[in-house]
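Report on the structure given below.
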């Protein structure tokens with residue numbers, strides 16, 4: 001567990017009707033059933049400035065996270081991931097400056113570790129002995145690992161077609177691993193009924209304000225890593241919408257307290273096979289749930305993002321953001337490009353945001369003269385893919401020298 005500064009969280013407020021609630025375990029507004037957001041004492045941030053943040057990693061930002069007791073701040077060393085300058089990739093796209101926020105460097109190889117830290121911390125805070133999540137892979141392995149770290153039981157309901165590395169990780173760390181048939185949307189409604197019975201702590205992405213806050217540290221880190229001069233554009237992968245919402249909240253907090261002069265334009269990146277938010281934004285209409293099949297970007301496979309998706313759509317329209325989507329083939333091409341140009345090996349879910357950026361630039365919907373940051377949310381080391389040929393060659397001095405010289409020819 002991780003000690004640190006005081007949390008400045010003060011209440012929960014409904015994003016629909018504005019009703020305030022105490023900081024207890026509540027998943028929706030008591031008056032209108034709207035989603036809730038954590039509210040902080042930003043006056044303290046204004047007075048004290050960035051000096052309020054101490055230590056390293058995710059819990060450096062404990063003042064803007066909702067876990068009050070330092071004993072409940074579960075950690076495996078998450079956060080503090082690199083913001084990488086990518087000059088060769090920038091030249092490839094004709095962009096002035098391109099940054100990659102590589103969250104595959106987290107302990108379980110995924111951005112989910114940020115929300116697992118605050119979700120499992122909140123489970124401890126409210127006296128739960130078990131956690132649970134419905135997952136296509138990354139969330140399951142992350143919640144299982146953090147629950148084990150905290151000494152809690154973890155009921156992980158995992159997509160049967162999740163990649164083998166993710167399943168191996170979940171089977172190693174989860175107290176209870178259950179594989180489900182169908183897609184995420186098929187099970188989440190049934191699982192939500194058990195959440196209502198409080199059989200376990202809700203570590204899902206749909207409603208839990210405490211879980212969502214962990215991903216806000218992405219924005220705070222980008223703010224600090226750029227010397228409080230954030231990029232013009234931030235591209236975030238979107239399934240249900242936690243990363244997008246949390247980052248938008250983080251940048252807004254920074255702007256409200258005067259740490260940054262302007263908020264970046266936020267871009268919501270989806271897979272074409274699961275793109276209800278991008279379609280609604282493009283059409284100018286309401287969010288329509290989408291029946292989805294398999295996509296290589298497993299972490300983006302949500303056809304019905306529910307109220308969180310509506311929240312994303314509202315933020316896009318309110319702040320002049322953009323939304324886009326990319327086909328599986330484009331996502332795999334972006335994955336290869338990122339690896340070959342900058343040495344960053346990301347999984348397809350992580351590369352989805354880069355694929356959408358490529359399409360938006362090709363369609364001239366983004367200004368290439370801007371500074372653009374792309375959130376790459378997972379490592380490629382958790383990817384299950386076809387291996388290259390494994391047939392070896394026996395060399396002698398001459399054959400080895402000949403091969404190298406042939407390969408070096410221009």
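For the stretch 184-206, a residue qualifies if it is at pLDDT 90 or above and assigned to a helix (DSSP H, G or I), and the qualifying residues are 190, 191, 192, 193, 194, 195, 196.
Tell me, which helices (runs of 4 or more DSSP H) lie completely within the stretch 327-410 with 1 or more residues that are in contact (Cβ under 8 Å) with a residue 12 or more places away in the chain and either on the phi > 0 side of the Ramachandran plot or touching a strand residue (DSSP E or B) at 6+ places or on another chain (Cβ under 7 Å) (or both)? Talk me through it step by step, then tell me what you get.
On the way: elements: 328-342, 348-362, 397-408.
Of the helices (runs of 4 or more DSSP H) lying wholly inside the stretch 327-410, those with at least 1 residues that are in contact (Cβ under 8 Å) with a residue 12 or more places away in the chain and either on the phi > 0 side of the Ramachandran plot or touching a strand residue (DSSP E or B) at 6+ places or on another chain (Cβ under 7 Å) (or both) span 328-342, 348-362.
Is it the case, given these coordinates, that residue 285 is more than 20 Å from residue 377 (Cβ to Cβ), modelled with pLDDT of 90 or more and touching a strand residue (DSSP E or B) at 6+ places or on another chain (Cβ under 7 Å)?
On the way: more than 20 Å from residue 377 (Cβ to Cβ): yes; modelled with pLDDT of 90 or more: yes; touching a strand residue (DSSP E or B) at 6+ places or on another chain (Cβ under 7 Å): no.
Against the criterion (more than 20 Å from residue 377 (Cβ to Cβ), modelled with pLDDT of 90 or more and touching a strand residue (DSSP E or B) at 6+ places or on another chain (Cβ under 7 Å)), residue 285 does not qualify.
Got at least one residue in the stretch 106-117 being touching a helix residue (DSSP H, G or I) at 6+ places or on another chain (Cβ under 7 Å) and over 22 Å from residue 225 (Cα atoms)? Looking through the stretch 106-117, at least one residue is touching a helix residue (DSSP H, G or I) at 6+ places or on another chain (Cβ under 7 Å) and over 22 Å from residue 225 (Cα atoms). Inspection of the stretch 38-60 identifies at least one residue that is modelled with pLDDT of 95 or more, buried (at least 18 other Cβ atoms within 10 Å of the Cβ), closer than 30 Å to residue 379 by Cα and touching a strand residue (DSSP E or B) at 6+ places or on another chain (Cβ under 9 Å). Listed by first and then second residue, the pairs with beta-carbon distance under 6 Å, at least 6 apart or on different chains, first residue in the stretch 65-88 and part of a helix (DSSP H, G or I), second at pLDDT 95 or above, are 72/121; 72/124; 72/125; 88/341.
The conditions of being more than 19 Å from residue 295 (Cβ to Cβ) and crowded, with 19+ Cβ neighbours inside 10 Å are met by residue 342. In the stretch 126-140 there is no residue matching the filter, namely being surrounded by fewer than 24 Cβ atoms within 10 Å (Cβ to Cβ) and part of a helix (DSSP H, G or I). Residue-level check: of (1) under 25 Å from the mean Cα position of the chain (by Cα); (2) touching a residue at least 60 places away in the same chain (Cβ under 8 Å); (3) over 14 Å from residue 213 (Cβ atoms), residue 46 misses just (1).
Specify which of the listed residues (214, 227, 241, 151) is crowded, with 24+ Cβ neighbours inside 10 Å and on the phi > 0 side of the Ramachandran plot. Write out each step before concluding.
Details: 214 fails: on the phi > 0 side of the Ramachandran plot; 227 fails: crowded, with 24+ Cβ neighbours inside 10 Å; 151 fails: crowded, with 24+ Cβ neighbours inside 10 Å.
Criteria check complete, one pass: 241.
Within the stretch 86-97, is there a residue that is at pLDDT 95 or above, closer than 11 Å to residue 376 by Cα, surrounded by fewer than 22 Cβ atoms within 10 Å (Cβ to Cβ) and out of contact with any helix residue (DSSP H, G or I) (no Cβ under 6 Å at 6 or more places or on another chain)? No, the stretch 86-97 contains no residue that is at pLDDT 95 or above, closer than 11 Å to residue 376 by Cα, surrounded by fewer than 22 Cβ atoms within 10 Å (Cβ to Cβ) and out of contact with any helix residue (DSSP H, G or I) (no Cβ under 6 Å at 6 or more places or on another chain).
The values are calculated or read from the model by the stated rules, or taken from the named source; none is laboratory data. These numbers come from a predicted model, not from an experiment. Because the Cβ atoms are built from the backbone with ideal geometry, glycine has one as well, and the counts that use them run over all protein chains shown.
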